[in-house]
Amino acid sequence: MKKLVKILAIVMVVALSATLLYACGGKEDDNVLVMGTNAAFPPYEYYEGDKIVGIDAEVGALIAEKLGMEFEIQDMDFNGIISAVQNGVVDIGMAGMTVREDRLEHVNFSTTYAKGVQVVIVKESSEIATLDDLAGKLIGVQEATTGDAYASEDYGEESVKRYTNGAAAVQALQSGIVDAVIIDNEPAKAFVAANEGLTILETAYADEDYAIAVAKENTELLEKINQALAELTADGSIDAIVNKYIPA
Ligand code: ARG
């Protein structure tokens with residue numbers, strides 16, 4: 001009997017600590033707005049030294065300020081951002097993230113704060129001149145992005161090579177492992193500027209809206225963010241940030 005009580009006690013302690021651990025598993029401080037991003041996506045988020053800067057980093061900081069919260073950025077694979085939002089590891093996902101039906105099944109999106117266009121990067125010497133020329137070619141993408149989805153749908157899984165970030169895909173293009181990279185236009189421009197011999201095809205692939213991902217149950221935060229975005233749009237703050245990173 002004594003033994004049984006002992007075992008029961010142990011089980012209860014384990015269960016209790018598991019619950020406590022779980023409760024602390026997400027965010028520690030409630031007055032911090034934690035943004036999950038993938039900081040390999042200039043000019044939206046990228047490293048300057050050891051600091052993450054960019055349009056999303058600055059807009060996110062202004063939103064936190066409006067909400068009277070501290071602000072923190074967590075860098076992760078793009079592929080992990082939506083589940084980090086769902087699990088409460090971060091409060092918001094802000095990563096030049098396109099509003100998509102399949103994502104809306106898992107998270108809510110704020111009002112959109114920027115537009116994106118999917119484009120195709122090739123080598124200047126490439127024979128690829130139009131989207132049709134991509135047939136039968138190997139296309140590099142950042143895993144789990146819209147570029148990945150479009151390329152896979154339109155040219156078939158076997159034509160797509162996935163990389164954890166855009167820079168790695170562009171590196172693969174440079175070294176001839178892939179024939180083209182499909183990625184958002186602003187990062188594309190940044191990558192082309194930073195690498196010799198690359199160019200962007202004139203024909204764009206798809207237009208997109210960027211928005212902030214918030215957990216389904218966190219409707220109060222979503223409303224506050226939309227309110228903050230409306231104010232920051234109305235007073236020109238967002239335009240000022242965009243113009244700073246994307247000179248006309
Ligand atoms: N707009 C694309 C998407 O939502 C790509 C975003 C990639 N963002 C990043 N920070 N790496 O799928």
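Of the listed requirements (1) in contact with a strand residue (DSSP E or B) (Cβ under 9 Å, 6 or more places away or on another chain); (2) away from the ligand (no atom under 15 Å from the Cβ), residue 36 misses just one: (2). Listed by first and then second residue, the pairs with beta-carbon distance under 8 Å, at least 6 apart or on different chains, first residue in segment 140-153 and in contact (Cβ under 8 Å) with a residue 24 or more places away in the chain and under 19 Å from residue 174 (Cβ atoms), second more than 7 Å from the ligand (Cβ to nearest atom) and aromatic (Phe, Trp, Tyr), are 140/163; 141/163; 142/163; 143/163; 147/205.
Each residue in segment 188-224 was checked for being within 17 Å of the chain's Cα centre (by Cα) and closer than 22 Å to residue 31 by Cβ, and 4 of them qualify. Taken together, the criteria place residue 169 among residues that are of a type outside the set (S, T, N, Q) and within 16 Å of the ligand (Cβ to nearest atom). Can you confirm whether segment 119-133 contains a residue that is within 22 Å of the chain's Cα centre (by Cα) and away from the ligand (no atom under 16 Å from the Cβ)? No: segment 119-133 contains no residue that is within 22 Å of the chain's Cα centre (by Cα) and away from the ligand (no atom under 16 Å from the Cβ).
The number of residues in segment 138-160 that are more than 10 Å from the ligand (Cβ to nearest atom) and farther than 11 Å from residue 182 by Cβ comes to 5.
Of the strands (runs of 3 or more DSSP E) lying entirely inside segment 147-248, those containing at least 3 residues that are open to solvent by less than 30 Å² (accessible area, probe 1.4 Å) span 180-184, 206-210, 213-215.
The values are calculated or read from the model by the stated rules, or taken from the named source; none is laboratory data. Bear in mind that the values here come from a model prediction, so they are computed numbers and not experimental data. Neighbour counts are summed over all protein chains in view; Cβ atoms, including those assigned to glycine, are modelled from backbone coordinates with ideal geometry. Just so you know, the surface numbers come from the protein's heavy atoms only, side chains and all, with ligands and any DNA or RNA stripped out. Shrake-Rupley method; radii C 1.70, N 1.55, O 1.52, S 1.80 Å.
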